[in-house]
Amino acid sequence: MSAPIIALDGLLVRYGKFTALHGVDAIFSGGSLGLLGPNGAGKSTMLRSILGLVRPTAGTAQVLGVDARKSGTELRRRIGYMPERDAYIGGFSAVRGLAHLAEICGFPKDDAMLRAHDVLHFVGLGEERYREVSTFSTGMRQRYKLAAALVHDPEVLFLDEPTNGLDPQSRARMLGLIERITKDHGLHLVLASHLLHDVERLCQEVWVMEGGKMRLSGSISDLTAAARGARRVTIANDQGAAFHAAAEAAGFACSREGDGRSFVVHHEDRVVEPDEIFRLAQNNQMVITSIRPAARSLEDAFLEVLEGE
Ligand code: ADP
């Protein structure tokens with residue numbers, strides 16, 4: 001059996017007296033993983049200890065079965081890391097900087113240059129390849145950082161807040177690129193972000209961090225499944241309380257939302273069909289104004305966990 005992509009075993013990191021990670025255990029077997037949590041949750045610290053850039057106080061972090069503390073060089077060849085902050089060599093053109101990185105990772109000079117051209121073309125910087133990176137716009141620098149994480153053909157890609165500071169158009173472009181990398185090129189992805197929508201779009205699995213602890217982990221489809229088969233029903237004015245009572249009497253679980261006219265109606269062991277809601281309303285002389293599927297969003301699951309205490 002091949003090693004998991006990431007295995008954390010009691011990973012504990014202290015900065016002086018401050019504990020940034022409180023002994024985290026987790027396994028990521030492959031595909032794409034979103035690392036979510038508010039600022040200060042410990043996401044970067046976790047990424048940096050996985051990559052061997054921060055020394056754990058206790059416990060271990062392995063990637064592809066390799067402990068970064070023991071085999072940092074091997075690991076850096078097999079993974080790509082896009083840090084949150086700007087990262088480029090001053091005075092170098094885009095293509096020269098990337099070829100340099102590929103050479104450091106063991107590519108012969110000519111191959112390194114070819115890889116640099118290819119990957120700049122892939123991120124849409126082909127025409128700008130001879131420009132100094134310091135003259136790039138924010139969006140271009142983010143795409144350059146992505147190219148730098150890919151140039152040595154890694155197996156796993158780690159991205160730290162890749163859409164930070166981007167306008168909507170650049171953000172859409174960056175998300176599209178990441179999607180192609182994972183879907184078309186089959187790389188495993190670990191994406192640290194505080195943007196739920198980015199994670200929901202790109203990842204199958206999430207780890208939710210808060211205060212240096214793992215608060216929730218699992219597949220996004222499981223986390224959003226709680227309300228699957230449920231319906232969000234809106235009823236005419238003044239009939240909310242009566243509808244609530246009638247739905248419960250008919251054996252549905254019914255929870256009221258906001259204005260008192262909207263309800264999430266579900267059944268423990270089956271899908272709620274719109275027809276039965278219409279029949280229920282008809283039998284009780286009520287008027288339904290809308291029925292929609294009521295899938296729980298990742299945001300609902302996330303807020304539930306973070307507000308749970
Ligand atoms: P996130 O990436 O989720 O925003 P970080 O891992 O950057 O979280 O930070 C977690 C906590 O650790 C924060 O409270 C931060 O201030 C603290 N921290 C991060 N890096 C250092 C450091 N080098 N020295 C001291 N404290 C740090």
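Filtering GLU205, GLU210 for residues that are charged (D, E, K, R) and touching a Gly at 6+ places or on another chain (Cβ under 6 Å) leaves a single hit, GLU210.
Among the residues of the range 216-256, those identified as touching a residue at least 24 places away in the same chain (Cβ under 8 Å) and part of a strand (DSSP E or B) are LEU216, SER217, ARG231, ARG232, VAL233, THR234, ILE235. Would you confirm whether or not the range 64-71 contains a residue that is within 11 Å of the ligand (Cβ to nearest atom) and part of a loop (DSSP other than H, G, I, E, B)? No: zero hits. Among the residues of the range 136-165, those identified as hydrophobic (A, V, I, L, M, F, W, C) and in contact with a Lys or Arg (Cβ under 8 Å, 6 or more places away or on another chain) are VAL151, VAL156. Of all residues in the range 33-53, none satisfies being more than 16 Å from the ligand (Cβ to nearest atom) and either assigned to a loop (DSSP other than H, G, I, E, B) or surrounded by fewer than 18 Cβ atoms within 10 Å (Cβ to Cβ) (or both). On the stretch given as the range 264-286, residues that are under 30 Å from the mean Cα position of the chain (by Cα) and closer than 9 Å to VAL233 by Cα total 2.
Suppose the filter is within 16 Å of the ligand (Cβ to nearest atom) and more than 24 Å from VAL24 (Cα to Cα); does ARG115 pass it? Spelling it out, it is not the case that ARG115 is within 16 Å of the ligand (Cβ to nearest atom) and more than 24 Å from VAL24 (Cα to Cα). Here THR60 clears all of (1) more than 29 Å from ARG143 (Cα to Cα); (2) within 19 Å of the chain's Cα centre (by Cα) except the condition numbered (2).
Which ones in the range 235-276 are surrounded by 13 or more Cβ atoms within 10 Å (Cβ to Cβ) and of a type in the set (S, T, N, Q)? The answer is GLN239, SER255, SER262. Counting the residues of the range 257-275 that are acidic (Asp, Glu) and touching a residue at least 12 places away in the same chain (Cβ under 8 Å) gives 2. When the range 159-210 is filtered for residues that are under 26 Å from ILE27 (Cβ atoms), in contact with a Phe, Trp or Tyr (Cβ under 9 Å, 6 or more places away or on another chain) and away from the ligand (no atom under 16 Å from the Cβ), the ones remaining, listed by number, are ILE181, HIS188, LEU189, GLU205.
Across the range 3-32, which residue is farthest from the ligand (Cβ to nearest atom) among those that are part of a loop (DSSP other than H, G, I, E, B) and either in contact with a strand residue (DSSP E or B) (Cβ under 8 Å, 6 or more places away or on another chain) or outside the structural domain of VAL190 (by TED's automatic domain parsing) (or both)? Among those that are part of a loop (DSSP other than H, G, I, E, B) and either in contact with a strand residue (DSSP E or B) (Cβ under 8 Å, 6 or more places away or on another chain) or outside the structural domain of VAL190 (by TED's automatic domain parsing) (or both), it is ALA3.
The values are calculated or read from the model by the stated rules, or taken from the named source; none is laboratory data. All of these numbers come straight from a predicted model, not from anything done at the bench. Quick reminder, even Gly has a Cβ in these numbers, built from the backbone with ideal geometry, and neighbours come from all protein chains shown.
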